[in-house]
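Everything below concerns the one structure shown next.
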């Protein structure tokens, strides 16, 4: 297929490589030029504007947040580059409100808008093993399924409305954030009785919670080392804000999310913005007077 | 070894069977006589009072809560039945305060008190695969390790103080309860966007959280069926209260535990006491106005 | 003075009357024409566009929320109507972010922007007894003080930055909302022991909390009558959102505000949007299983 | 009347003086002898045991907490000193559970038990202006009303059950604690925008909240001076625990109380146990990274 791809960060770049390997032609655009060279070597065509990347049968975007999406699509012309009859797959995690807004804007231009945020980090993306949470027009979904099969191990379908897959992704993020906070609180509690964080986390992630989410964040807490960050606390706060906004729009009280937001703010206020959000353990410790 | 065993409920009975199979002699006592017959058939000796069961080299107790322990040990004479030089392994989940109190009382009688609460439900107990969280005098721990090897797959050691293993167990329980609540909130949020609880739970427990804790509680939520309860909401509330008391004694704020307590009370107030505590999903739904 | 006044709702209209009585000339504009007749009779001059109202020595705006302000000032031309050297006093409660944005936009046009949200409801506005929370350029504040003296009993100064008076107002609103919630929780608790809400509220507002905030909301709770609303629950939610946004921008965790938001959402989800936000007592009762 | 009075702390001593002034004969007992001299000078008769003080027509107790009450009444014989036909007025703030337990114990001895906790601090007690929250057998209440008239400005009746007046008092305490926390959060938020705590508190306690509860705690926050404590944070934590226990017994979720408990624990963990509980402002500031 003739593809466009916008957003070549840590996730986007390996996804493009997989698409190229699968035989697709990919025109790429990125705000900074750093990631381009490797992709060009692998066969991608670099273009000068988002609008040029958008002139494709299917455009995929993988950007950091609502602001980046707005900037590229509404201010820098990517939306106008999309041609009637094409499909735009937005794989970024965005707010439900933006998903609805974009969907309507695309529809008015005769373009199908597909939401397809993913579960999985860089290594999973590189292996083509992402879990893809997708919603959008049924025909468009069917049309792009071969691309999903290249990028992910499984596609989970959530219907036609653009915001639904976003809501699914944000709900998943709430669970990840809650897992971190529960690990933080529980290990601080255990610490109050003299149990080292490493000992508690070794036990709990070997018994009840033997999965990467708990093991990965748990290891950071056990080592009390949060840099370089896999996912920065400031981004975690942004995600929890999106969760709360989604809850507000659907009139769903989310008390765990509320606690998370307050604790993440506590972290921000103590210089933890660039630490991994596993450093919620430091918030928990600090409140308990643990040095 | 000559063993005594007090508390033959759903956990205690299969544990006694495993001890008998391993060749130990076990004198058993239980408040009600219902479970006795099968154990006698398997070789246990039933005795008429807790004190008689306590007259053993090692006494194991597996009772429901602080109240039951107090009743049997302080009011009904089990403590007085213990002989100097023996060991009492309390495998019940009790408060850190009671653990400290019992430890001192035992010490004054020349009896070693070992805390050894477990992770695992009935089927795990029957298979001898419990994870045992143990603390107590080092010599006593070494002495009873062969029994732990019969009952569990692994023993996790948390030092000498009686309350520490209790704190580890309560910390683990906080994580389980938090996992349930996060699943409840996240699936209610997803539901606010039209995603069925079953669909969301299928996705999340197949991807990020593919472990029995999430899968088991998730299945109950997906089926919206909470009876018969694996663990009653009223008992969940009791456990969270123990968590909060442990936090208070160690001056550890636990905001997730606080949310849990309020939500469990909400459940109690709506007739969910005898439902499995996975029915926190109903609390979450109810608050969001979902029928 | 030659004044313009935009926003003639329940608060704005009596404020204009007071300004007219004090001898000022006032050109008024409102989205709907309903309130105009009485004001014209009292001497106001109605104009056809926001921009015409803005062509004054001092423009006062009293609108409902950020959206209304944006609509009138950014979309409908009021901002462009303002002349260099004039002052715009925004007495609406708006977000700290909008205050900063407006301040910069005004400054670039040579117009002084003054934030001056108020404490007090309709009857207080009519009596000219508002408490005015003001921040803005010192010279501009001095210039408009005679107007504040007409509208209010006291002006509280909070410095030069446009967002500071907004933050003061939002902080005050957090306290009002917290007073309501504490009254709700406490009276539900008392109710759990058979004390009627009316009896508890009579006692507490006659003893420790004998002030209108508690007495007024308390009376609504005691009567369980929340319509017509003095301040709708949906607007309360909007205010708490502004509080939380202000907290987030300043990295201040606000756990009471977080609880409030979840409880207000619970109210929204149960059809209480148009009830007075004192109906938080119904949320509290509902969670406790009280019919 | 022939009275006994147990507990001569800062509240009890001036209450005894008022009773003496009103012409009653009062036999007093206190754990320490420090307060006795002044009361003997004023006409009180000091006795050597709680039981001797209890041998009166009406016994009044004013002790610090459940532990003190249990110690004096159940362990040190005061209960046994009470004679059939007498009345015991317990004016201490105790748990609803203890009130129920004591009521039953008294009833079995033919003694009427009256709960009568009070609103008001030392100066209010000295002036005989307490608000008395009373519940108990109607006849007993009528019989002791002349004593209430000496001690207080008004008696609020809450029916026959012993625990109800306790619940009313605890509900009132929840409101006081919530007022403090709301003042703390709001002033920290205002501080995030450069408003001094003193300026914000001056404004808010001069406008919406011009009552001693807010003014008194507000002044301590504005001065950032919390010692000597009017009411220690550690005692505040104890009170909030009683509130939460009362809520749990009646199945009433109390999210504000839960936040309070976590924040008070945070204070305890940072050495604030002996500071006035108005120092919740320090918790709030600390979380926001304010030095």
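The values are calculated or read from the model by the stated rules, or taken from the named source; none is laboratory data. These numbers were taken from a predicted model, which means no experiment stands behind them. A quick note on method: Cβ atoms are made from the backbone with ideal geometry, for glycine too, and the neighbour counts reach across all protein chains shown.
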Fill in the blank from the handout: Taking segment A:2-44 and keeping only residues that are touching a helix residue (DSSP H, G or I) at 6+ places or on another chain (Cβ under 7 Å) and at positive phi, one is left with A:43
Exercise for the section: Test residue D:215 against the stated conditions and say whether it is surrounded by fewer than 23 Cβ atoms within 10 Å (Cβ to Cβ), free of Cβ contacts under 8 Å to residues at least 60 places away in the same chain and under 24 Å from residue C:217 (Cβ atoms). Expected result: yes
Practice task
All but one of (1) without any contact (Cβ under 8 Å) to a residue 60 or more places away in the chain; (2) more than 10 Å from chain A (Cβ to nearest Cβ) hold for residue B:258, so report the exception by its number.
Solution key: (2)
Fill in the blank from the handout: All conditions in (1) assigned to a helix (DSSP H, G or I); (2) surrounded by fewer than 22 Cβ atoms within 10 Å (Cβ to Cβ); (3) touching a residue at least 12 places away in the same chain (Cβ under 8 Å) are true of residue C:83 except (1)
Practice task
State all residues of segment B:89-99 that are in a helix (DSSP H, G or I) and either over 20 Å from residue B:144 (Cα atoms) or out of contact with any helix residue (DSSP H, G or I) (no Cβ under 8 Å at 6 or more places or on another chain) (or both); if no residue qualifies, say none.
Solution key: B:96, B:97, B:98
Completion exercise
residue D:268 vs (1) within 14 Å of chain C (Cβ to nearest Cβ); (2) more than 20 Å from the chain's Cα centre (by Cα); (3) part of a helix (DSSP H, G or I): all pass except (1)
Handout entry: Qualifying residue in segment B:150-166 (condition: within 22 Å of residue B:248 (Cα to Cα) and under 13 Å from the mean Cα position of the chain (by Cα))
Key = yes
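Residues checked against (1) surrounded by fewer than 24 Cβ atoms within 10 Å (Cβ to Cβ); (2) modelled with pLDDT under 95; (3) away from chain C (no Cβ under 14 Å); (4) outside any helix (DSSP H, G or I):
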| position | (1), (2), (3), (4) |
| --- | --- |
| D:133 | no, no, no, yes |
| D:142 | yes, no, yes, no |
| D:150 | yes, no, yes, no |
| D:154 | yes, no, no, yes |
| D:166 | no, no, no, no |
| D:174 | no, no, no, no |
| D:179 | yes, no, no, no |
| D:186 | no, no, no, no |
| D:193 | no, no, no, yes |
Problem - Output for segment A:1-36, where each listed residue is modelled with pLDDT of 95 or more and assigned to a helix (DSSP H, G or I) - result: A:12, A:13, A:14, A:15, A:16, A:17, A:18, A:19, A:20, A:21
Exercise for the section: Select, from C:79, C:59, C:63, the only residue that is closer than 27 Å to residue C:169 by Cα, in the same structural domain as residue C:139 (by TED's automatic domain parsing) and in contact with a strand residue (DSSP E or B) (Cβ under 6 Å, 6 or more places away or on another chain). Expected result: C:59
Handout entry: Pick from segment C:106-131, criterion surrounded by fewer than 17 Cβ atoms within 10 Å (Cβ to Cβ) and free of Cβ contacts under 8 Å to residues at least 24 places away in the same chain, ranking: nearest to residue C:149 (Cα to Cα)
Key = C:127
Handout entry: Which listed residue, of A:226, A:209, is surrounded by 22 or more Cβ atoms within 10 Å (Cβ to Cβ) and over 28 Å from residue C:245 (Cβ atoms)
Key = A:209
Completion exercise
Residues in segment D:197-253 that are over 16 Å from the mean Cα position of the chain (by Cα), more than 10 Å from chain C (Cβ to nearest Cβ) and not in a helix (DSSP H, G or I) total 5
Completion exercise
Those residues of segment B:37-68 that are in a helix (DSSP H, G or I) and surrounded by fewer than 24 Cβ atoms within 10 Å (Cβ to Cβ) come to a total of 10
Exercise for the section: Go through segment C:11-30 residue by residue and tally those that are surrounded by 15 or more Cβ atoms within 10 Å (Cβ to Cβ) and without any contact (Cβ under 8 Å) to a residue 24 or more places away in the chain. Expected result: 1
Problem - Top-ranked residue of segment C:271-291 - restricted to ones that are in contact with a strand residue (DSSP E or B) (Cβ under 8 Å, 6 or more places away or on another chain) and surrounded by fewer than 24 Cβ atoms within 10 Å (Cβ to Cβ), ranked as nearest to the other protein chains (Cβ to nearest Cβ) - result: C:273
